[in-house]
Protein chains: 2
Amino acid sequence: MMDIHTTNALRLLQVADEFRASLAGEFSSVHGISVNEFLLMLHLKQATAHRLSRVDLAKRMHVSASTITRMVAPMEKIGLVGRDVDARDARLVFVVATPAGQEKLSDALATFAKRAGYLFADRWEEDELGQLSQMLHRMTARKADMLA
Amino acid sequence: MMDIHTTNALRLLQVADEFRASLAGEFSSVHGISVNEFLLMLHLKQATAHRLSRVDLAKRMHVSASTITRMVAPMEKIGLVGRDVDARDARLVFVVATPAGQEKLSDALATFAKRAGYLFADRWEEDELGQLSQMLHRMTARKADMLA
DNA sequence: GCAATATGCTTGCATATGCAATTATTTTGC
DNA sequence: GCAAAATAATTGCATATGCAAGCATATTGC
C-alpha cells in the first residue's frame, strides 16, 4: 500500500514516539528532569569542549533558540548547568554542566540504558545491532548541514 | 563509551527528531497541517472501520486524551474530520475523516513519501530496506500492550 | 435493581515551544 | 574606519500538551 521508504519512515516515528513516551515518565519521577533536559546535558557532554552556545544546542536538538533559552533558565536555577562567557565574543554565553549536572546525567543515562535494553529485549544478534547502528547513522543528516 | 543498545536508542531519537523537524516546515506551509494532525488522520485511515474514539487515538499516538480532544476540535471546524456517535454507548464519539480530510491526507502522504526518500537517498539496497523495516517492527511495543 | 466503580470525554491550570521582533555585539564591504 | 549586514540571545504572543478534576454514561457486585 505504501512504498518501503514511507513505511520505514512511519515505523521510525512510531518507535521513537513510543520510546520517548516510555522514557518521559521514569525520567520525570525518578530523576526530576524531562527527556529534552537529559538530551541537552548529553549534548554538552559530547561536545568537544564540554560546552555549547545556545544556538549550537538549538541546532543539535532541532528546536528553536528561544526554547533553549527557556530550557536552560530553570536548569541553571536548580544547579544543573552554569554559564561561561567567551572572552572574544561578548554575544556568546556557553552552557556548561555543573558537577551536580554531570552526576544527574550519569544517573539518567543508567535509566536510559535500561529502557534501551527493553527495545531489544527479544534476542537480537550482535550483527543485527551493529547493522541497525550503521543504518541509523547513515540516516542522519550530513554533518556539513549541521554546521551551516 | 556506551553499550550498543544505548547508542542505537540515541540514534533512533536523533534521526526521528531530525526527520520530524524536516517534515514540520513543509507540512505547515504546503498543507496547513501539523505532523501530529497528519498522523492522526493516518491512524484513522488504517483503523479497521476507518474511525477511532479519542481514547484509542490517544493510545496510538502516545499523547493524552485531552490532547486529542483539543487537536480534533479545530480539525472538525475546518472540515477535515467529523464525528460519529455509537448507538450502544453514548459516551463514545468516533472521529472519522471527511472526504476533504482524506484528500488532505493523500496530498500530505505524497510529501511524506518524498521526505522519506531523502532519508534513504544514498543508495540503499532492497535487502537493507527490508531488514530495517523488520528491525523497526520488532522494536514496536507488543500489540497486546496497546490494546490494554 | 442499585450503589459503587469504571470508562470516555472535556476543561482549568501549568508548562513547553515556535515565530517574529528587539537588543547587543561582531563581521563585512567599501 | 564606518555604515550595513550578520549573529547570539532574549522576550511577547500564540499554540500545543499533560495532569488532575469534573461530568455523563456504562458496567459490576451484591
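Could you please tell me which pairs satisfy a Cβ distance under 7 Å, a separation of 6+ or placement on different chains, a first residue in the range A:47-59 that is under 12 Å from A:Ala97 (Cα atoms), and a second residue that is assigned to a helix (DSSP H, G or I) and not hydroxyl-bearing (Ser, Thr, Tyr)? The qualifying pairs are A:His50/A:Leu44; A:Arg51/A:Leu44; A:Leu52/A:His43; A:Leu52/A:Leu44. Within the range B:60-85, the only residue that satisfies the criterion of being under 27 Å from B:Ala141 (Cβ atoms), more than 8 Å from DNA strand D (Cβ to nearest atom) and surrounded by fewer than 18 Cβ atoms within 10 Å (Cβ to Cβ) is B:Thr69.
Summed over the range B:59-106, residues that are more than 14 Å from chain A (Cβ to nearest Cβ) and away from DNA strand C (no atom under 16 Å from the Cβ) total 9. Quick check on my filter: what residues within the range A:49-59 are of a type in the set (Gly, Ala, Ser) and within 11 Å of DNA strand D (Cβ to nearest atom)? Residues satisfying the conditions are A:Ser53, A:Ala58.
Restricting attention to the range B:86-100, which residues are within 13 Å of DNA strand D (Cβ to nearest atom) and loosely packed, with under 14 Cβ neighbours inside 10 Å? Result: B:Asp86, B:Ala87, B:Arg88, B:Asp89, B:Ala90, B:Arg91. Report whether or not B:Arg123 is more than 14 Å from every other protein chain (Cβ to nearest Cβ) and surrounded by fewer than 17 Cβ atoms within 10 Å (Cβ to Cβ). Judged against the criteria, B:Arg123 is not a match.
From the residues in the range A:32-48 that are away from chain B (no Cβ under 14 Å) and over 14 Å from A:Val81 (Cβ atoms), which one is farthest from DNA strand D (Cβ to nearest atom)? Selected residue: A:Thr48.
Any residue at all in the range A:7-16 that's at the interface with chain B (Cβ under 8 Å from one of its Cβ atoms), of a type in the set (Val, Ile, Thr) and either closer than 22 Å to B:Val63 by Cβ or touching a residue at least 24 places away in the same chain (Cβ under 8 Å) (or both)? For the range A:7-16, residues at the interface with chain B (Cβ under 8 Å from one of its Cβ atoms), of a type in the set (Val, Ile, Thr) and either closer than 22 Å to B:Val63 by Cβ or touching a residue at least 24 places away in the same chain (Cβ under 8 Å) (or both): present. Residues in the range B:137-145 include none that are more than 14 Å from chain A (Cβ to nearest Cβ) and of a type in the set (Val, Ile, Thr).
Values quoted throughout were computed directly from the atomic coordinates according to the rules given, and no laboratory measurement underlies them. Just so we're clear, the structure is a prediction, and the values are computed from it rather than from any experiment. Positions of Cβ are generated from backbone atoms using ideal geometry, with glycine treated the same way; all protein chains shown enter the neighbour counts.
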